[in-house]
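Before any comments, here is the structure.
The values are calculated or read from the model by the stated rules, or taken from the named source; none is laboratory data. On a predicted model such as this, the values are computed, not experimentally measured, just so you know. Quick reminder, even Gly has a Cβ in these numbers, built from the backbone with ideal geometry, and neighbours come from all protein chains shown.
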Amino acid sequence: MLENKVARKESDVFKELEDLCHSPGYIHVIAYFCFRDNTIRYADEVKPEDVLQQFSMERLVRTEISTLIGLACKIDIDETLPSPKMMQEYLGKTESLLQELHRSMMPPLEDIFDPSKIGDDNFNPFNSGAVLRESIFYGGESAYHFQYRDLSKDKYRNDNEWLVENKGYSLEQALSVVASIQVLQNDKLNDVLVGLIKKHPNEWSFLEAYAFSLEEIAGRCELDVEVAKEVVESFVSPVGQEDFTSLGDFNPINAYPIIKIQDDKYLLFQNYSLVEALYETPFFWFNSDAAYRSIAMRHRGEFTEDFSSTRLKRVFGERRVFQNVYVLDERGNTAGEIDVLVVFANRAIVLQAKSKKLTIAARKGNDLSLKDDFKKAVQDAYDQALSCSNLLTNSSYKIVDESGNEIAITRDFKEIYPFCVVSDHYPALSFQARQFLEQNPTEVIKPAFVMDVFFLDVATEMLQSPLHFLSYVNRRTMYGDKILCTHELTILSYHLKQNLWMDGEYTMMQLGDDVCADLDLAMLARRDGVPGAATPDGILTKYEGTHFERLVKDIELRDHPATVDFGFMLLTLSGGTIEIINDGISELVKLGRKDGKHHDLTLAISEGRSGLTIHCNEDLDAEAANRLDRHCELRKYEQKADQWFGICLGSKTERLRFGVNKHFRWEQSIEMDELTKDLPKPQSLKGKNKVNFKTVTKKSRKIGRNEKCPCGSGEKYKKCCLK
């Protein structure tokens, strides 16, 4: 068996795989793999279980299929259809060699773990290029195919004139051709699949589904054939190139994924590769034009900043997002520059954008190249974000926009989140950030969130409210290295389903790629029109139309630090606790509407840590606010809590009127001991599923109407809780 053989060199396995790809009719094997591993098969509506097909361990990843295509294209394509027996031999041999190739990429354990360095805190066996090569090659895709297609519009909008003059077509025409090829292929795949029923097994092949002519495409997108030809020919891979001799080499098929097999017949095996090429390849065309190179570089940088700003405005609104922000010292000199600044109550995001790709040398596993690329793409962005974050907390520095106008924002920040955003697919970005990024977080400035524009696009699509977005960012950065997964999208998908949370007893969480199925389906439904659920069942759907959802929306509208802190606490609660709060508010409103009096509810959210007091009345704001403030102060003291929240709701509107946040160190007081001695215990949520509204205030004696109210408000009893 293979396990008993001496492991072969990667180069030897690669050469045998290349020879196999040059076998007569091997192109039909590639077509079969593409159908088996790159298509989602469903009936009337796509379900998460349909998407799960894409996460089978038996499936080839796109980089493996691209390798097969690239090797096959080193010689002229042979379309001879192999016999079924030969096809099976080709298929089995290919999978066996790819598995062996995967194993050969990993260095021996004795090379990874140096026994002499065990116990050295600075020793990290996973930051070497030899180890990272595997993650870079097999890591999850950075973007959905429709993101490459759609984001290309924004990325190259300012380069349209160059495309028309130098390529003979506009960006819109290129997008139309690419979209038409995808639609045509989907139709052909269904037709070929149905047609197999009528054919003898000796005639079975999926190759025709991936073939197209210029007339077919021009007819679909209603363009002149010559224009369609210019677009298609721009992405045709040259056949016969000999430079692709190892996995680390540049594979032409990734940048030019269309294969020309006759004058008017083309093959495209992976539509994903075409939209990725549309997103990435034009920049290299611009770069080869010396007169246009600097202009293209400027456009590339502007795209990342503009895109990030636009997407964050989707969540936070225009008034909370600022682009091209300058930090000036007392003399008016520029001390820092922020690409995008988001301010929401006492929280901020400092985003720095970079446009740096992973070089070929880095992909080959060169340690110095890997670290140099990472420094330019991520570390420099983080260092800049950290510096500007520190300046933000210093009120002696002025914050101005690009026109020199001062931006009036709070400077008393509770949390600042540095964002490092890259514009292109950067393989194994999260894994590299874990290994290489040097950070200096503080109590206010949190650990960095490293991402590409594609993740930012998805996160702002699915978490379109400030509280939901920042709550996720808080937990994702707080847990940091405690979560292991292939891609950031997997963690986001888990959060949408389960509400990301790790108890103190857990030190690590590992998530499989299949967790992402629900998010994949939601994005396909939203962006590509696939019939399916546009929102995963979970935190965004479970409490629709409830008091909980209305509270979150009301908090976001007020944008006040006290209520915002309460909002973040709400989003960390378990489903059972949220149900208790929903039921409690319903009962308070019911009682208030029935008798027109003040009613309240106090809950111990977390023993010894925090609690919540809910008041429901239609009293004047000043009177109601004073009562709530004093009530929360007493409750916090009595419970010796770190923090206590209070909210006041209107019994008629059921909406949030205002909130209180008591957050300070507990200190014993004789006066407070006396005031709180007769307070009933707040209701603990532990082991309960509903609130007991029969609880009454315990009194050591009858309170006179004109005596001070025992709640501690300072008001007479008859004007306070007796009402």
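In the stretch 587-612, what count of residues is obtained for those that are closer than 24 Å to ASN499 by Cα and in contact with a helix residue (DSSP H, G or I) (Cβ under 8 Å, 6 or more places away or on another chain)?
First, pick out the residues of the stretch 587-612 that are closer than 24 Å to ASN499 by Cα: 603-612.
Those left that are additionally in contact with a helix residue (DSSP H, G or I) (Cβ under 8 Å, 6 or more places away or on another chain): 603-605, 608, 610-612.
Number satisfying all stated conditions: 7.
Condition test on LYS636, is it within 35 Å of the chain's Cα centre (by Cα) and crowded, with 20+ Cβ neighbours inside 10 Å? Walk me through how you get there before you give the answer.
Values: within 35 Å of the chain's Cα centre (by Cα): no; crowded, with 20+ Cβ neighbours inside 10 Å: yes.
For LYS636, the condition - within 35 Å of the chain's Cα centre (by Cα) and crowded, with 20+ Cβ neighbours inside 10 Å - is not met.
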Out of the residues in the stretch 584-607 that are buried (at least 19 other Cβ atoms within 10 Å of the Cβ) and part of a helix (DSSP H, G or I), state the one that is farthest from the chain's Cα centre (by Cα).
GLY592
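VAL450: touching a helix residue (DSSP H, G or I) at 6+ places or on another chain (Cβ under 9 Å) and assigned to a helix (DSSP H, G or I), yes or no?
no
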Can you go through LEU551, LEU557, LEU489, LEU573 and tell me which one is under 16 Å from the mean Cα position of the chain (by Cα) and either not in a helix (DSSP H, G or I) or not assigned by TED's automatic domain parsing to the domain that holds GLN432 (or both)?
LEU489
Filter the stretch 281-306 for residues that are in contact (Cβ under 8 Å) with a residue 12 or more places away in the chain and outside any helix (DSSP H, G or I); the one that is farthest from VAL343 (Cα to Cα) is ASP289
Report yes if TYR279 is at negative phi, among the hydroxyl-bearing types (Ser, Thr, Tyr) and under 20 Å from the mean Cα position of the chain (by Cα), otherwise no.
yes
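Restrict the check to the stretch 307-314 and report whether at least one residue is outside the structural domain of ASP452 (by TED's automatic domain parsing), buried (at least 16 other Cβ atoms within 10 Å of the Cβ), assigned to a helix (DSSP H, G or I) and not small (Gly, Ala, Ser). Show your work before the answer.
Restricting attention to the stretch 307-314, the residues satisfying the condition of being outside the structural domain of ASP452 (by TED's automatic domain parsing) are none.
Taking every residue of the stretch 307-314 in turn, none turns out to be outside the structural domain of ASP452 (by TED's automatic domain parsing), buried (at least 16 other Cβ atoms within 10 Å of the Cβ), assigned to a helix (DSSP H, G or I) and not small (Gly, Ala, Ser).
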For the structure I just gave you, tell me whether VAL227 is over 20 Å from SER66 (Cβ atoms), of a type in the set (A, V, I, L, M), modelled with pLDDT of 95 or more and surrounded by 18 or more Cβ atoms within 10 Å (Cβ to Cβ).
yes
Residue list for the stretch 469-483, restricted to those being at pLDDT 90 or above and out of contact with any helix residue (DSSP H, G or I) (no Cβ under 9 Å at 6 or more places or on another chain):
THR477, MET478
Show the residue pairs that are 6+ apart or on different chains and have beta-carbon atoms under 8 Å apart, the first residue being within the stretch 159-173 and in contact (Cβ under 8 Å) with a residue 24 or more places away in the chain, the second being loosely packed, with under 15 Cβ neighbours inside 10 Å and assigned to a loop (DSSP other than H, G, I, E, B).
TRP162/ASP289; ASN166/ASP289
For PRO682, only one of the following conditions fails: (1) modelled with pLDDT of 90 or more; (2) surrounded by 13 or more Cβ atoms within 10 Å (Cβ to Cβ). What is its number?
(1)
Mind checking which pairs have a first residue in the stretch 390-417 that is touching a residue at least 24 places away in the same chain (Cβ under 8 Å) and a second that is among the basic types (Lys, Arg) and assigned to a strand (DSSP E or B), Cβ under 6 Å, 6 or more apart or different chains?
GLU415/ARG347
Restricting attention to the stretch 363-417, and to residues there that are aliphatic (A, V, I, L, M), in a helix (DSSP H, G or I) and more than 27 Å from the chain's Cα centre (by Cα), which single residue is farthest from THR63 (Cα to Cα)?
LEU391
Which one is nearest to GLN270 (Cα to Cα) among residues in the stretch 10-36 that are of a type in the set (D, E, K, R) and surrounded by fewer than 18 Cβ atoms within 10 Å (Cβ to Cβ)?
ARG36
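Would you say LYS199 is within 30 Å of ALA290 (Cα to Cα) and either charged (D, E, K, R) or at pLDDT below 95 (or both)?
Numbers: within 30 Å of ALA290 (Cα to Cα): no; either charged (D, E, K, R) or at pLDDT below 95 (or both): yes.
In short, no.
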In the stretch 636-663, what residues are assigned to a helix (DSSP H, G or I) and not charged (D, E, K, R)?
TYR637, GLN639
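Considering the stretch 250-270 alone, what residues qualify as being closer than 25 Å to ALA218 by Cα and either assigned to a loop (DSSP other than H, G, I, E, B) or small (Gly, Ala, Ser) (or both)?
Just the residues of the stretch 250-270 that are closer than 25 Å to ALA218 by Cα, to begin with: 253-270.
Correct list: ALA255, TYR256, PRO257, ASP263, ASP264, PHE269, GLN270.
Of the residues VAL342, VAL350, which is over 30 Å from ASP243 (Cβ atoms), among the β-branched types (Val, Ile, Thr), without any contact (Cβ under 8 Å) to a residue 40 or more places away in the chain and not in a helix (DSSP H, G or I)? Break it down stepwise before answering.
Numbers: VAL350 fails: without any contact (Cβ under 8 Å) to a residue 40 or more places away in the chain.
It is VAL342.
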Can you tell which of VAL422, VAL444 is touching an Asp or Glu at 6+ places or on another chain (Cβ under 8 Å), of a type in the set (A, V, I, L, M, F, W, C) and buried (at least 21 other Cβ atoms within 10 Å of the Cβ)?
VAL422
Expected single match for of a type outside the set (Val, Ile, Thr), in contact with a helix residue (DSSP H, G or I) (Cβ under 9 Å, 6 or more places away or on another chain), in contact (Cβ under 8 Å) with a residue 12 or more places away in the chain and not in a helix (DSSP H, G or I) among LEU274, LEU247, LEU278 is LEU247
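Just to be sure before I move on: is TRP666 surrounded by fewer than 16 Cβ atoms within 10 Å (Cβ to Cβ), among the hydrophobic types (A, V, I, L, M, F, W, C) and not in a helix (DSSP H, G or I) in the structure I sent?
Numbers: surrounded by fewer than 16 Cβ atoms within 10 Å (Cβ to Cβ): yes; among the hydrophobic types (A, V, I, L, M, F, W, C): yes; not in a helix (DSSP H, G or I): yes.
Criteria met by TRP666.
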So ILE118, is it farther than 22 Å from SER369 by Cα and either at pLDDT below 95 or buried (at least 16 other Cβ atoms within 10 Å of the Cβ) (or both):
yes
State which residue pairs qualify: first residue touching a residue at least 24 places away in the same chain (Cβ under 8 Å) and inside the stretch 628-639, second residue of a type in the set (A, V, I, L, M) and assigned to a helix (DSSP H, G or I) in any location, beta carbons under 7 Å apart, and separation of 6 or more residues or different chains.
LEU634/LEU675; TYR637/MET672
Select from the stretch 167-196 the residues that are under 30 Å from SER288 (Cβ atoms), in a helix (DSSP H, G or I) and in contact with an Asp or Glu (Cβ under 7 Å, 6 or more places away or on another chain) and list them in ascending order.
LYS167
